[in-house]
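K.L.:
Quick one: the structure is below, and I'll ask about it shortly.
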Amino acid sequence: MAKSKNVCNAKKLSYISVPSQIINSLSSSSLQSLLVSPKRNNTNSFFSVYKHSCRSPRVWLFALFLFGLVGMLRLGWNIDTLIPFSPYPNPCLETQSNTDSVAQKHDALVANANNLGQPSHDSPSEISEFWKQPDGMGYRPCLDFSAEYRRTSEVMVKDRSKYLLVVVSGGISQQRNQIVDAVVIARILGAALVVPILQVNVIWGDESEFSDIFDLAHFKSVLANDVRIVSSLPSTHVMTRPVEEKRTPLHVSPQWIRSRYLKRINREGVLLLRGLDSRLSKDLPSDLQKLRCKVAFQALKFAPSILELGNKLAQRMQSKGPYLALHLRMEKDVWVRTGCLPGLSKEYDELIQSERRRRPELLTARSNMTFHERKLVGLCPLNAVEVTRLLKALGAPKTAKIYWAGGQPLGGKEALSPLTKEFPHFYNKDDLALPEELEPFAKKASFMAAIDYIVSERSDVFMPSHGGNMGHAIQRAFSGHKKYITPNKRHMLPYFLNSSMPEAEFNRIIKELHHESLGQPELRTSKAGRDVTKYPVPECMCNDAHSHFI
């Protein structure tokens, strides 16, 4: 800053270095008062100078300007903490290291674009009630195998004589279930498991392989002491014609597996199995149940690229508080397969009925039941109106952030309008991700489903609108008994149909119907024939009265 030699010299000028942005914001009169010193009487008296200086408007304006300049500089130093979601470039950050990833900047852009950073206006009662997690009652993961199992493992993993090939089908959740059972069957037969082959899905045309979706190295490593996993048949068995079994009955026991396949695989060296969905019994010896849990919850980890994007989207949802993951089953093929009607309009209902008549083989529900009969016994997916009423009755606040998983619903956005009107903070992966982030997975239905799976699993509350494999695969118990709302469709439907019931009474009844369906520990022993990966207590989880794993 350059100054005149004499502060009271009326013929000298004082100059101040001011940033151009500030100059542009000042009026011409204000600028003139800052830059030109007014005429003053000469005096050698210090007190006179002091007295006149204190009364001078120029001095006060100068002091005010300095105070403002210092404040603006301090604001500039802290600007990054004030606008964490700003989509505009910050010149203060341009001098930082270029090692900051573009993805991190994109994260801020996406969070800002979707208003995820807005503060919540939930009342304390809403926050404590709806987002409250169930009591885990001290249950924690516990996969302690017996001494006999461990002793047998040492022999099995060294065997090089027999190999099991499996072809798994369906969507990603069905594939996961079949891979779990494939490992268990390999263990029962004492065979090495060749990495499962994923059958091309006839609906989505996805040609992904195991290693595209799952972390193969991790899969092999975790199961190294249980079942030997190989990427392909060894040269000694490549020319062997495998024994192929296409029609394994439902819910077979380990004894059936051994009596049916053991001699054949010992003789031929290779066994090929297809369509393992629900072929193996849900009730197995303790060690094999633990192996199921180990495969499902520890060995089957998604490939790094999928895991990275899924976790990134989950973090965006978590950025400013809890969120609900909603698995909606409202796609066209779901309505066709379940024998149910979407209830959007007569045109859409006729579309579904026409498709069902044209392709009756798609109907997987009981063909001797009418739509109304299926609806009354709880076999139909909830539509958007029903999901909205259920969430409101259970206390979901209007400000709740909702991530919805699943394919595009029949009827498009209009089919979702009852939900989006009541819960405007409504997102899916297309809303949260940048186009270039999803582009590598665009034509891979299994990849997209895996991303939905990850974001749903990390949610604070999860609710499926229908049963299905993903609803079963999302594990809330083994990861700590996080809240999982299981819609009691069979019992709540009569109250949905009663339009004269007061809302307060409706809400009370719906809460009462669901008070035991919110993710609390449930013993599988009370759920005969249920999957241990959905009900891992007590086979895969131990009770410790001194710890609460919630």
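K.L.:
Considering only protein heavy atoms and a probe of 1.4 Å, how much of the accessible area of segment 147-299 is carbon and sulfur, as a whole percent?
P.N.:
Taking all protein chains in place, segment 147-299 shows 50 percent carbon and sulfur surface.
K.L.:
What do you get for trypsin sites (Lys or Arg not before Pro) in segment 402-451 restricted to DSSP loop and a cutoff of at most 15 other Cβ within 10 Å of the site's Cβ?
P.N.:
LYS443
K.L.:
Simple spin-label model, 7 Å along Cα-to-Cβ: ARG247 to SER278 in nm?
P.N.:
Taking the two extended label points, one gets 1.8 nm.
K.L.:
Compute, for segment 304-543, the length of the dipole vector about the Cα centre, with Cβ point charges of +1 (Lys, Arg) and -1 (Asp, Glu) only. Units Debye, rounded to 20.
P.N.:
Roughly 340 debye, rounded to the nearest 20.
K.L.:
What whole-number value in Å² describes the accessible area per residue of segment 147-299 for a 1.4 Å probe?
P.N.:
Heavy-atom accessible area per residue stands at 46 Å².
K.L.:
Be a star and scan segment 330-355 for residues whose amide nitrogen sits under 15 Å from the point 7 Å along the Cα-to-Cβ vector of VAL385.
P.N.:
341-349
K.L.:
Explain nothing, just the number: dipole magnitude of segment 147-299 about its Cα centre with +1 on each Lys and Arg Cβ and -1 on each Asp and Glu Cβ, in debye rounded to the nearest 20.
P.N.:
Details: 23 positive and 16 negative charges, 141 e Å.
The dipole magnitude comes to about 680 debye.
K.L.:
Out of residues 5 or more away from PHE462 or on other chains, whose amide H comes under 5 Å of its own, with H placed 1.01 Å from N in the peptide plane?
P.N.:
ALA325, TYR484, ILE485
K.L.:
Mind running the shape call on segment 352-508? Use the C-alpha gyration tensor, a ≥ b ≥ c as the square roots of the eigenvalues: rounded below 1.5 for a/c, prolate if a/b tops b/c, oblate otherwise.
P.N.:
Oblate shape, in that a/c is at least 1.5 and b/c is the bigger or equal ratio.
K.L.:
Using modelled amide H (1.01 Å from N, peptide plane; none on Pro or chain starts), what sits under 5 Å from the amide H of TRP404, excluding residues fewer than 5 places away?
P.N.:
Those lying under 5 Å, H to H, from TRP404 are LEU326, TYR427, ASN428.
K.L.:
I've got another one for you. With each pseudo-label sitting 7 Å past Cα toward Cβ, what's the SER345-THR420 distance in nm, one decimal?
P.N.:
That separation, rounded to one decimal, is 1.6 nm.
K.L.:
Now a separate question. Please state, rounded to one decimal and in Å, the Kirkwood hydrodynamic radius that segment 147-299 gives when every pair of distinct Cα atoms enters the mean of 1/r.
P.N.:
On the way: mean 1/r = 0.0640 Å⁻¹.
Computed over segment 147-299, the radius equals 15.6 Å.
K.L.:
Here is a follow-up. Order THR370, THR364, THR388, most accessible first, counting only protein heavy atoms with a 1.4 angstrom probe.
P.N.:
Values: THR370 75, THR364 100, THR388 15 Å².
The most accessible residue leads, giving THR364, THR370, THR388.
K.L.:
Let me ask something additional. With an 8 Å Cα cut-off and a minimum separation of 6 or more residues, compute the relative contact order for segment 147-299 in percent.
P.N.:
Once divided by the residue count of segment 147-299, the mean separation gives 33 percent.
The values are calculated or read from the model by the stated rules, or taken from the named source; none is laboratory data. As the structure is a prediction and not an experimental result, all values here were calculated from the model. No Cβ is skipped: glycine too gets one built from the backbone with ideal geometry, and neighbour counts run over all protein chains shown. To get the accessible areas, we keep the full protein, side chains included, count just its heavy atoms, and leave off ligands, DNA and RNA. Shrake-Rupley method; radii C 1.70, N 1.55, O 1.52, S 1.80 Å.
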